[in-house]
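The structure appears below as structure tokens.
The values are calculated or read from the model by the stated rules, or taken from the named source; none is laboratory data. Please read these numbers as outputs of a predicted model, since none were measured by experiment. Every residue, glycine among them, receives a Cβ derived from its backbone with ideal geometry; neighbour counts consider all protein chains shown. For accessibility, only protein heavy atoms count, side chains too; no ligands or nucleic acids. Shrake-Rupley method; radii C 1.70, N 1.55, O 1.52, S 1.80 Å.
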Amino acid sequence: MNSIMAVFFFELKRIMTRGRAFWWGVVATFPVAIMLLMKKYVDFGPQEAATPQTISTVFTIVLYFVAPTISCMLGALLTAAPAVASELEQHSWIYLAVRPNGLFHLIVGKYLVAVMWTASATVTGVIIAVSLAAVDGPADVTAAVEQQQRSNSTDAAEMVPGIIDKGQVTQAMVCLSFLSACAYSALYMMLGTVFNRRAMVLCVAYTAAVELFLGFFPAVINRFTIQYRLRSLLFEWTPQSEQFRRLDLVDLVASDESAFTQIMWLMSWIALFLAIALVSVQVREFTSASETDV
Amino acid sequence: MKSDYLIELDHVTKLYATVIGVNDFNAQLKPGAYGLLGPNGAGKSTLLNLLTGQLVPTRGNVRVLGQTPRNNSSLMRKIGFCPGFEGLYAATSGLDWVTVLLRLQGVRRHAARERAEHCLAMVGMSCAMKRPISTYSRGMRQRTKLAQAIAHEPTLLILDEPFSGLDPIGRAEMTDVLNDWTERGHSLIIASHVLHEIEALTDSFLLICGGRLLASGTASEVNELLFDSPSEIEVDCSEPYRLASALMERELAVSTSVEPTAHGYDTVRLRTLRAGQLWTQLPSLITDNGFTVTRVRSADDSLQTLFNSLLKIHRGEK
């Protein structure tokens, strides 16, 4: 544990640079900017669909997509994916490889840093986005209820819970962001270790093909993605997404199993990804010597 | 497993696809200091990577301190390694870097910090240890690398080209540190392609070329081996054609040529198969014939030629 913490704090200190701070800011600002733009420019209109519940559902779904999904993917991509490749490229790998269990400590330590960096940026973004961009406050609630009444709803009061409950949404999104950061960091750590020569490119390609395409594909294959589990947790933890949940198609892209089951699935994925990364560094021969330097 | 040997290499071969890094290497070394000498591309780095467990031999067995080095954490506590390339974190200070590497050896935070400071001071980095490594000169980086290798007091210190890039003062300081290290009873393996760098540290050599162990022993043993090996010699002489003729008559040279020089006497370039005999007889040949000789030198004193000669001996060629 002493060694893992040593790598963790050392790496944490190393990433405290202006460049990294800029990217941390980008990751944190992304959900805030999207939600503010949505609040300002998306016109829900007077049509029937523009109920308070619809607004809160859309807000919740979009926030999920930009924060625990895109921001976390981006954060993990920047920190976890190049973890091994960067050590090999700058030839610093060997100093760690000749320490007792040095590569194990390196992988776990860097993984923890990636989780911390990604989760802190995304959680910050979520908190600010919910504070600034959510439909809330007495005026908003009143307006929303009035709007609901105008649209001949049978029971306006029933719709009120559909208004964003900041505490609940924040809590759900923070948990999802943390789980997402843990899962994507482990995934990218594994890909970056196994395919260290084109780590970033491969991680982006994998994310697009598997997590963003297959993850939304209405077939059994989507159950093997992180997105499937996170999405299922979103529907479990946010009543705001209930309206969306009732769509027939959603049954195919999310599970109705308990939150505990989903978390266990995610933990299993994380353990598997890290195990593959750790086995890979133990089994493979990484040498920093240049090719001519035999 | 307890072993009297520092290193045991049993028919070790390492292939990189079709390229041979190390070729059927056999050696058994008792604890002590050894110089691993060979030209660039000889297989020194591959051998060191095999010793530190970074590579797995394609054939054969490697044992260091009686243990197989691959993924052996208990052995890694006893080995200090200083690679030939830099690989340092530019923005980190030397002190932080050595400290974290010590902590990876299981040393507690405060103890690691104190030990790192001590080792950096030992290699002459007292003033600069808290500065970012990016501000270090090449020599300072080499010294920092040495500090991380010796900080955990390993039984065996393995150094790959530690003098590379050092100025003469830096070399002398590094030599002092390493001599002090070996005098304290620790073992050392130092790889280099420069003979005199190693001579200052040890009298035991392993000569390696083309991935093969060509010769081993002390400097005098190696010199003896090379004494009668084929070589090329240049002699600047007042009567070059007569000298060439005399050499051929006495069968001291198998071929000669005279090359004019812009200043001074012309040069006789000769090839001999019996260098030892030539060196013995050349002075009398010069005085008997009344030649004036202004310069005699080996035309092929590069290490690569020396190794080519050894390689030919190794293959049984003349």
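Quick look at the numbers
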quantity: Entries in A:Lys13/B:Lys130; B:Lys30/B:Lys78; A:Lys13/B:Lys145; A:Lys39/A:Lys166 that, when Cα-Cα distance is taken, lie over 18 Å; calculated: A:Lys13/B:Lys145
quantity: Carbon plus sulfur fraction of accessible area for the stretch B:90-147, probe 1.4 Å, in percent; calculated: 52 percent
quantity: Beta bridges per DSSP with both ends in the protein assembly as shown, % antiparallel, nearest 5; calculated: 70 percent
quantity: Cβ-placed point charges (K, R +1; D, E -1), dipole of the protein assembly as shown about Cα centre in debye, nearest 20; calculated: 800 debye
quantity: Nearest-0.05 FRET efficiency for B:Ala219 and A:Glu89, computed from C-beta distance (R0 30 Å); calculated: 0.15
quantity: Point-to-point label distance, B:Ser284-B:Val194, nm (Cα→Cβ direction, 7 Å offset); calculated: 4.0 nm
quantity: Inter-chain shielding of B:86-94 (mean C-beta neighbours from other protein chains, 10 Å cut-off); calculated: 4
quantity: Pair B:Asp4, B:Asp180: separation of 7 Å Cα→Cβ label points (nm); calculated: 3.3 nm
quantity: Surface accessible to a 1.4 Å probe, per residue, for the residues of chain B, Å²; calculated: 44 Å²
quantity: Fully extended contour minus Cα-Cα distance, from A:Phe260 to A:Ala205, at 0.36 nm per residue; calculated: 16.8 nm
quantity: Rounded to the nearest 10 Å², the accessible area of A:Val66 at probe 1.4 Å; calculated: 10 Å²
quantity: Built amide H within the under 5 Å cut-off of B:Leu252, gap 5+; calculated: none
quantity: Charge dipole of the protein assembly as shown about the Cα centre (unit charges at C-beta), most positive-ward option of B:Asn23, A:Leu233, A:Ile4; calculated: A:Leu233
